[in-house]
Amino acid sequence: MTRSSTWPDFLRQPANCVEKKSFVRGHFGSRILDLFNEAQGFSSIAMVRDPVARVLSHFWHLKKAPDVPSDLLFVRDEGFRFEDFVDHSRFYGLVSNYQVANYSGVSGGGRNISHGNIAFNEYSGFHSVTDSDLDHAKAFIDRCAVVGVTENMPAFIDALCAFFGFYRDYSLPRHRAYQEEMDVSPAVLSRVRELNVLDKALYDHVKA
């Protein structure tokens, strides 16, 4: 088993680790199909999240998670607020239509992956997405064997069980809970929604 759930961690693994995998999970998006796809016997699954909730979650992850890069620790300054995060150019890719970028394959500087020989920065590897990218993201979602929304995890687990033929005998635990209560002004929330129009369309597509 290789414990890596993000592209930077995965791409540091030995090249031959790809050949040994029968299950892969993490924050990889549709680019994972460049390495593991249906032709190799893999079935894709995906989750999406309400865009506003996702941006808030990313903010608190940077505030409190132990694996945040050292050059981003300035976010933990008490004076660095959520509205600063939303407007900071460094985090544009996290704040604006992140899920469409992730599921359309435009994240991380290109589709072609040369395992063990790629420079990847998950905090700067995104560009502005378009309606065409939304179409690509929907196409990826539609080819997935199981798709769910974070807000309804039990239904997602039930769908996984039904498709893959396994049964859970326990409630899904919540291992990480970084988010704290926070007042966000209506103006800032409106700004987040404006930045995630395409993510909202993808989210609604999955819910439908």
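Each reported figure results from applying straightforward, stated rules to the coordinates on display, with no laboratory input. The shown structure was predicted, so the numbers you read here are calculated from the model rather than taken from an experiment. No Cβ is skipped: glycine too gets one built from the backbone with ideal geometry, and neighbour counts run over all protein chains shown.
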Taking K and R as +1 and D and E as -1, what net charge do the other residues with C-beta under 15 Å from the C-beta of S89 add up to? -2
Show which aspartates and glutamates lie in cross-link reach of K21 when reach means a straight Cα distance below 20 angstrom and same-chain residues fewer than eight apart are skipped. D9, D34, E38
For the chain, calculated [θ]222 nm from helices alone, where every DSSP H run of n ≥ 4 adds -39500 (n - 2.57): -11000 deg cm²/dmol
Name the lysines eligible as straight-distance cross-link partners of K207: C-alpha to C-alpha under 28 Å, and not fewer than 8 places from it in the same chain. K138
For K64, give me every one of the lysines with a C-alpha distance below 29 angstrom, ignoring sequence neighbours fewer than eight places off in its own chain. K200
Full extension between S57 and D34 adds, at 0.36 nm per residue less the Cα distance, a length in nm of 5.5 nm
